[in-house]
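Please read the structure below before turning to the comments.
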């Protein structure tokens with residue numbers, strides 16, 4: 001019976017072809033929108049960083065305001081590139097590497113279990129995109145003419 005249900009709900013090949021670009025675009029949206037928040041909600045995000053138990057470590061790494069601008073820039077620029085499937089692996093890797101210290105310094109704190117595991121799930125998504133590449137309908141797949 002389970003096999004019958006599984007066979008019945010298996011998506012068509014056409015739908016499967018769209019799975020990777022949809023996954024890539026939907027994953028990128030959190031970085032594009034969130035990265036814009038690093039600029040538009042800059043002070044509020046700085047205030048949230050101050051509340052982190054890791055505030056001293058953040059200050060040791062660099063100026064928190066500059067770190068926020070830098071991470072916002074990475075998220076927006078490489079989020080758009082990820083959505084387009086252009087330099088997909090590089091984009092996923094840079095966003096992944098930017099998200100790790102943010103997750104550690106901001107979300108490993110009391111009362112942040114939901115955001116912590118959201119970021120862990122997103123890190124898994126970025127890892128999958130990095131390993132699998134852009135999939136169909138990506139700029140990385142365009143033919144480059146020689147000459």
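The values are calculated or read from the model by the stated rules, or taken from the named source; none is laboratory data. Just so we're clear, the structure is a prediction, and the values are computed from it rather than from any experiment. We place every Cβ from the backbone using ideal geometry, glycine too, and count neighbours over all the protein chains shown.
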Any chance residue 11 is without any contact (Cβ under 8 Å) to a residue 12 or more places away in the chain, out of contact with any helix residue (DSSP H, G or I) (no Cβ under 6 Å at 6 or more places or on another chain) and in a loop (DSSP other than H, G, I, E, B): yes
message: Tell me yes or no: at least one residue of the stretch 39-52 is under 18 Å from the mean Cα position of the chain (by Cα) and at pLDDT 95 or above.
response: yes
query: Restricted to the stretch 19-36, and to residues that are in contact (Cβ under 8 Å) with a residue 60 or more places away in the chain and closer than 16 Å to residue 115 by Cα, which residue is surrounded by the fewest Cβ atoms within 10 Å (Cβ to Cβ)?
result: 30
